[in-house]
1. Just to be sure, is residue 134 on the phi < 0 side of the Ramachandran plot, buried (at least 24 other Cβ atoms within 10 Å of the Cβ), more than 23 Å from the chain's Cα centre (by Cα) and assigned by TED's automatic domain parsing to the domain that holds residue 62?
2. Mind telling me which of the residues 314, 281 ends up being in contact (Cβ under 8 Å) with a residue 24 or more places away in the chain and farther than 30 Å from residue 85 by Cα?
3. Within segment 437-459, is there a residue that is modelled with pLDDT under 95, in contact with a helix residue (DSSP H, G or I) (Cβ under 9 Å, 6 or more places away or on another chain), part of a loop (DSSP other than H, G, I, E, B) and crowded, with 19+ Cβ neighbours inside 10 Å?
4. Between a residue in segment 203-227 that is on the phi > 0 side of the Ramachandran plot and any residue that is in a helix (DSSP H, G or I) and at pLDDT below 95, which pairs come within a Cβ distance under 6 Å, given they are 6 or more apart or on different chains?
5. Out of 346, 391, 310, 328, report the one residue that is in contact with a strand residue (DSSP E or B) (Cβ under 7 Å, 6 or more places away or on another chain) and either surrounded by fewer than 21 Cβ atoms within 10 Å (Cβ to Cβ) or at pLDDT below 90 (or both).
6. Can you tell me which residues in segment 416-435 are in contact with a helix residue (DSSP H, G or I) (Cβ under 9 Å, 6 or more places away or on another chain) and without any contact (Cβ under 8 Å) to a residue 12 or more places away in the chain?
């Protein structure tokens, strides 16, 4: 082959390689664009379908069911408790249930909707059962928001009380988060309201009434939001409950005997359906510095399904995860120090007037995501830290660092209506003379009635309604 032929062959081969490479890139680029386009189309169709589905269910199906069954007479003895997500009655609903079950002859129904924990079809069926039952109920108690009653007006004979699941006013919620990253659009909130038809909304002090009125869109003149106290806090005045909490602690975590307890209880990050817990506490570092005097208990938000792991060598000897083993109420009772971030449990914990530490490593990000009702720096009755070293320094010098009066002032401001009598005060407000009318001649002994209903009982309820 001559030089000329060799050069021509090389040139043509180069052209060929360039063409093949360019063609592959072009095909890959076009394929990527097509896949992206198909993905956007699917997302668009899915969004349209979800909106139409929501409109049909919330705006037409549920109201039609309520309208049909509300033609029946109200059952003056029927009381309904609604648990939106979790498989057992939680927080304030527990104490209200205990009181009514032990002291009255009301016919009590408990509904467990299990939102985001069951399929959409099953959730819808549970909602339909609730609405049929609500249509003839005299009293309904919620402790969380839901939009299933957002597009119809409940009959005037029914008294609906929102007990709420937290105290004070910390993280923004409801309409306070409209158009924020965490919240839905204001348009959607107005179209499918989550806090409608309440006769009463109970809060922990007069100080926070304004925040709940803003979040739930009730005027101050309506008088719906009332500082009757939070039912869940009554348990903190129960000496038997506190004593039993220590018994459970030492039974399940023997290493805690003779030690002081640090409770780490952060709130969740992200949206409710995909809640995550921060993984910033260095337990090995804490053990090296504080292990002779302290133990650590982890309590993650109940919506968090995948939790940070504790180093195996520390489990049971220095640290435990009691998210599923002890209630937050019990853990607040037995803790000597509470480390949290943006959780409303700090309001309940202030009733004990003990030290709090605020591990707020992502404060700016969380504020942008959701926001607060009060300035975070001014609200928190304890040090705001972002590192484990700061936690250790504060705990080692706690006798000097802890300002008890700061916690007392915080308690007086945000928890003034939580005096151990909130449950009875709420019952008197919601039920009036009916509570006396249906009161048992002899209340049930506590050991006989403190059995919290769970979702396992729900199938039996469905057969009745």
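1. Considered against the rule, which asks whether it is on the phi < 0 side of the Ramachandran plot, buried (at least 24 other Cβ atoms within 10 Å of the Cβ), more than 23 Å from the chain's Cα centre (by Cα) and assigned by TED's automatic domain parsing to the domain that holds residue 62, residue 134 comes out as yes.
2. None of the other options fit; the residue is 314.
3. Yes: one or more hits.
4. The qualifying pairs are 217/175.
5. 310
6. Across segment 416-435, the qualifying residue is only 428.
Yes or no, residue by residue, for (1) surrounded by fewer than 13 Cβ atoms within 10 Å (Cβ to Cβ); (2) not in a helix (DSSP H, G or I):
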position: 212; (1), (2): no, no
position: 228; (1), (2): no, yes
position: 232; (1), (2): no, no
position: 236; (1), (2): no, no
position: 244; (1), (2): no, no
position: 247; (1), (2): yes, no
position: 250; (1), (2): no, no
position: 263; (1), (2): no, yes
position: 266; (1), (2): no, yes
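The values are calculated or read from the model by the stated rules, or taken from the named source; none is laboratory data. Everything numeric here is computed off the predicted structure, so don't read it as measured data. Because the Cβ atoms are built from the backbone with ideal geometry, glycine has one as well, and the counts that use them run over all protein chains shown.
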